[in-house]
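Trainee: Got a structure for you, questions after.
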Amino acid sequence: MRFRDLFPKKYLSADDFDRSFTATISHISIDTMNDGTKKPVAHWIEAGRKPLVLNKTNATLLAKIAKSDDTDDFGALTVQVDKELVPLRGDHVMGIRLHPAFVKDEIEDELPDPDDKKKPGKKKAA
């Protein structure tokens, strides 16, 4: 048995998942941490996911996606949850980073229209 399995944590950490996943925020709460500080925490609509304590980087990204700095507007945002090396006190550790999740329609809007007969790079003569 792994040591971390003996002492489960309440909040999501980079050790809790091997692959990135997409999740939808249900709401943001302000929770009191063990050291007495209060921090914003993202809760997920998807059952079984641990809530994520938001750092400034991830909270700022949510504000940009929501186009609002009001955490009440973060509900229903769908994000990609990844882990990556992040700087921490002169070292690099695995941390959680949120990214905008792309919806199929948004991706299709960015793709060129296959019925468009124009050849890229060529302009019509005037």
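Trainee: Would you be so kind as to identify which of Thr78, Val53, Ser68 lies farthest towards the positive end of the dipole of the stretch 41-94, taking Lys and Arg as +1 and Asp and Glu as -1 on Cβ and the Cα centre as origin?
Mentor: Farthest towards the positive pole: Val53.
Trainee: What does the charge add up to near Leu98, with Lys and Arg as +1, Asp and Glu as -1, over the other residues with Cβ less than 14 Å from its Cβ?
Mentor: Net charge in that neighbourhood comes out at +3.
Trainee: Can you work out ³J(HN,Hα) from phi for every residue in the stretch 46-52, in order, using Karplus 6.51 cos²θ - 1.76 cosθ + 1.60 and θ = phi - 60°, giving whole Hz and x for Gly and Pro?
Mentor: With coefficients 6.51, -1.76 and 1.60, one gets 5, 5, x, 8, 6, x, 10 Hz.
Trainee: Which whole-Hz ³J(HN,Hα) couplings does the stretch 75-92 yield from phi under the Karplus relation 6.51 cos²θ - 1.76 cosθ + 1.60, θ = phi - 60°, glycine and proline marked x?
Mentor: x, 6, 6, 9, 10, 8, 9, 10, 10, 7, 5, 10, x, 8, 6, x, 10, 10
Trainee: Now a separate question. Amide H to amide H under 5 Å from Lys83: which residues, 5+ apart in sequence or cross-chain, H placed 1.01 Å off N in plane?
Mentor: So Lys83 has HN proximity to Arg97.
Trainee: In addition: Whole-Hz Karplus ³J(HN,Hα) for the stretch 7-16, in order, using 6.51 cos²θ - 1.76 cosθ + 1.60 and θ = phi - 60°, x for Gly and Pro?
Mentor: Running phi through 6.51 cos²θ - 1.76 cosθ + 1.60 with θ = phi - 60° gives 10, x, 9, 6, 10, 5, 10, 4, 6, 7 Hz.
Trainee: Please list, in order, the residues from the stretch 28-61 whose amide nitrogen is less than 16 Å from a point placed 7 Å along the Cα→Cβ vector of Leu6.
Mentor: Of the residues in the stretch 28-61, none has backbone N under 16 Å from the label point off Leu6.
No lab work stands behind these numbers, since they all come straight from the coordinates. Nothing here was measured: the structure is a model prediction, and the numbers come from that model. Neighbour counts run over all protein chains shown; Cβ positions are idealised from the backbone, glycine included.
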